[in-house]
Amino acid sequence: MNVTIATLAPVRVAYMRHIGPYGPSISRFWQEQFLPWRHANGLEQASCYGIGCDDPDVTPPSKCRYDACVVVLEEFVAHAPVSIATLPGGRYAVADFRGDGPAIGGAWTELL
């Protein structure tokens, strides 16, 4: 894995929250909810982020929060079930991931 350290600017995102266990349900969430919404709003070319908000070793799986995010312009207005947030700028470890949902766990372990 090619990991670099980069200083990233803050970025404004629209996000949809999934609550439940990490794993296959996250892939379904992207395919069935987030990607169709992203397409309907003309955001296919915008960068996306997936943010696991909880440690599943500490938080019960039924309460784990995951945010599917897409970068939006300042004038973009979100409507439920979508919210707006700003991902903070700063120094980050950066690595590209290309693969399917089941491969994310292995990539995360390799990164750590």
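The values are calculated or read from the model by the stated rules, or taken from the named source; none is laboratory data. This structure is a prediction, so every number in the text was calculated from the model and none was measured. We work out accessible area using only protein heavy atoms, side chains counted, and drop any ligands, DNA or RNA first. Shrake-Rupley method; radii C 1.70, N 1.55, O 1.52, S 1.80 Å.
Overview of values
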{"read-out": "Choice from 66, 22, 92 with maximal GNM fluctuation in the chain (Cα, 10 Å cutoff)", "value": "92"}
{"read-out": "For the range 15-25, 3J(HN,Hα) per residue [Karplus equation, 6.51 cos²θ - 1.76 cosθ + 1.60, θ = phi - 60°, Hz, x = Gly/Pro]", "value": "9, 10, 9, 10, 10, x, x, 6, x, x, 5"}
{"read-out": "Portion, in percent, of the accessible area of the chain that falls on carbon or sulfur, probe 1.4 Å", "value": "56 percent"}
{"read-out": "³J(HN,Hα) computed for each position of the range 32-47 - Karplus, 6.51 cos²θ - 1.76 cosθ + 1.60, integer Hz, glycine/proline x", "value": "8, 10, 5, 4, x, 5, 4, 5, 4, 9, x, 10, 4, 8, 7, 5"}
{"read-out": "Gyration tensor verdict on the range 48-100 (Cα atoms; rounded if a/c is under 1.5, prolate if a/b is larger than b/c, oblate otherwise)", "value": "oblate"}
{"read-out": "Pairwise Cα inverse-distance average, inverted: Kirkwood Rh of the range 4-58 (Å)", "value": "13.3 Å"}
{"read-out": "The range 35-49 and the range 56-102: distance between their alpha carbon centers, rounded to Å", "value": "13 Å"}
{"read-out": "Per residue solvent-accessible surface (Å²) - the chain, probe of 1.4 Å", "value": "68 Å²"}
{"read-out": "Rounded if a/c under 1.5, otherwise prolate or oblate - the chain, Cα gyration tensor axes", "value": "oblate"}
